[in-house]
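Derivation of every value follows stated rules applied to the coordinates shown; laboratory data play no part. Source: prediction; values computed, not measured. Because the Cβ atoms are built from the backbone with ideal geometry, glycine has one as well, and the counts that use them run over all protein chains shown.
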Amino acid sequence: MADIRVVEKTTVTSNDFTAGLDVYLGKMGAGYADFEVWSTSAAPVAVVWVQKSRNSGSTWVDIESFTTSAATKQYHKTYVFGSAHQIRAGIKSGGYTSGTLNIRIAQGGKAI
């Protein structure tokens, strides 16, 4: 059984990201990372960014963003990569309004 690697963060402010998670390639030449955001507050409002780095976190490139709201209590997505690198997620400066968000990224098994 493969090891499951996980980074988590309860994000409550702007400019707050998870640590970078190393995404390794599997036997089929692809790396998978499960990403999940959920809220325990009534109306979380923030723009969450998923980013990747190919140079050990020296620079980060945006992959995708989405805006949470009262209707978005949970969001889950699996990313597939063709090369090894790091992935992280969080809220950029100015992207936070209210609420508490939990972010989890995992490789080697489902985040949830």
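Computed values, structure above
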{"quantity": "Additional length obtainable on full extension of the chain from VAL6 to LEU25, 0.36 nm per residue less Cα span", "calculated": "5.2 nm"}
{"quantity": "Segment ASN55-SER69, length gained on full extension (0.36 nm per residue, minus Cα span)", "calculated": "1.7 nm"}
{"quantity": "Peptide ranges 97-105, 57-65 listed from the most packed, as the mean C-beta count within 10 angstrom indicates", "calculated": "97-105, 57-65"}
